[in-house]
Amino acid sequence: MHALGPRIGGQSRDGIWLLDDDASMLKALGRLLISVGFAVEKFNRPADFLSMLKQRECRVAVLDVWMPDMNGLEVQARLRQESPGTRIIFMTGREEPSVRQTALDAGAFAFLTKPFDDENLVRLVQEAERRCRN
């Protein structure tokens, strides 16, 4: 599944990408970010996410850590090579300090454990997007 979120307020270049193999989580995150005015692209397969980098800019990536085909840390490594300016926000349902530290050491902007506060995610995405413009 790859779905382009509706374009709101002319923000077609937001470049906010969501990657999660859980369809319900992906849908909820998409609705949340669209509700505050972001245009989002949603992916449930890392391969689709990475292949889209050749066609569009990803300014902020919200990535699940644990997915069946490729984990979020592997996606992060590819993003660092192919889109080094992308700000990465990780989310996971499992609190593993070593995974958190690995992600942050590799340049992740933030790391959230599910369930997390919606407002916190929105604030982090807004801050990451602002830093991309600077």
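The values are calculated or read from the model by the stated rules, or taken from the named source; none is laboratory data. None of the values given here were measured: they were computed from a predicted structure. Backbone-built Cβ (ideal geometry, glycine too); neighbour counts: all protein chains shown. The area values use the complete protein model at the heavy-atom level, side chains included, leaving out ligands, DNA and RNA. Shrake-Rupley method; radii C 1.70, N 1.55, O 1.52, S 1.80 Å.
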Arg94 paired with Ala106, simple spin-label distance in nm, labels 7 Å along Cα-to-beta-carbon | 1.5
Per residue value of the accessible surface for the range 8-107 (all protein chains in place, 1.4 Å probe), Å² | 47
Compute the distribution of all C-alpha to C-alpha distances in the chain, in bins of 5 Å from 0, and list the percent of pairs in each, rounded to whole numbers.
-> 2, 11, 24, 26, 23, 11, 3, 0
In the chain, what percent of the accessible surface is made up of carbon and sulfur (1.4 Å probe, ligands and nucleic acids excluded)?
-> 48
